[in-house]
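So the structure is just underneath, and the comments pick up after that.
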Amino acid sequence: MPRRFAIALVALFVPVLGAVVDVPEASASVVGPCAAEFAGQNASDLRTGPLDDALVVDRNSLVSVVMTSERPLARLRVELEFAGVSWKVHDRPVNGTRGVSEVPVEDYSIYGMGLWKIVASAEGAGFTCEATTLISVEDDHPLDALATISGLGGLGLALIGLLGVFAVAARIGRSRAAPFSGVLLGLLLGAGVGVLLQQFSVVYPTFGVAGALVAAGAALGLAFSLFGLPGRESDAQS
């Protein structure tokens, strides 16, 4: 492998490894004068960092959400979140000091499995509370994630990006658009890898992690478009 190619790859992936491995500890799972439970587990014992352990739930299950307070609650909202994008699951008034809801995982598992975040928020007279947890949606077979919309999309993006980057690298010097094409295809590769890591419950895609993976893909595509395939330079000189 040419030395400059190896140096470039190391320089490109150091920031990514730092973003994924050196993840700051997640904030408290419960904020405010409330207690919360997800699937019967105390939310204060749970963490929500990208690499933290998640509650394992079946794709056909219902995940119970309970929030309680010593003061009366007025409303309970529950949302599913993925990479900063959220979907409302429950938003109803509450009578008393206890709000209860359920997340119908089966209604969403067709779109994707893997790691999702549940965000529950409650409000009362003069106060608000929020509780979060990560869930790992799984099924009987490890590869079932590839049968979902997100899984198929992630696999498709990764394959298109990877094969495209190799194709651009093989045509180095033949097109002025190669660097641009390499970056674009690298973006697809990074996005696809990020989705697959989420679908197989490896890492939860926060904005930082998702951005680092996409940036790494773009940088990799640029490196291949500029330097070509590993070993090509040495082969050409022999």
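Table for the structure above
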item	result
Of VAL137, THR68, TYR108, farthest towards positive along the dipole that unit charges on Lys, Arg, Asp, Glu beta carbons give the stretch 62-146	THR68
Ordering of 179-190, 61-72 by burial proxy (mean other Cβ atoms within 10 Å per residue, highest first)	179-190, 61-72
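Computed from the coordinates by the stated procedures, all read-outs in this text should not be read as laboratory data. Keep in mind the model is a prediction, meaning the values are calculated, not measured. Virtual Cβ from ideal backbone geometry, glycine too; neighbours counted across all protein chains shown.
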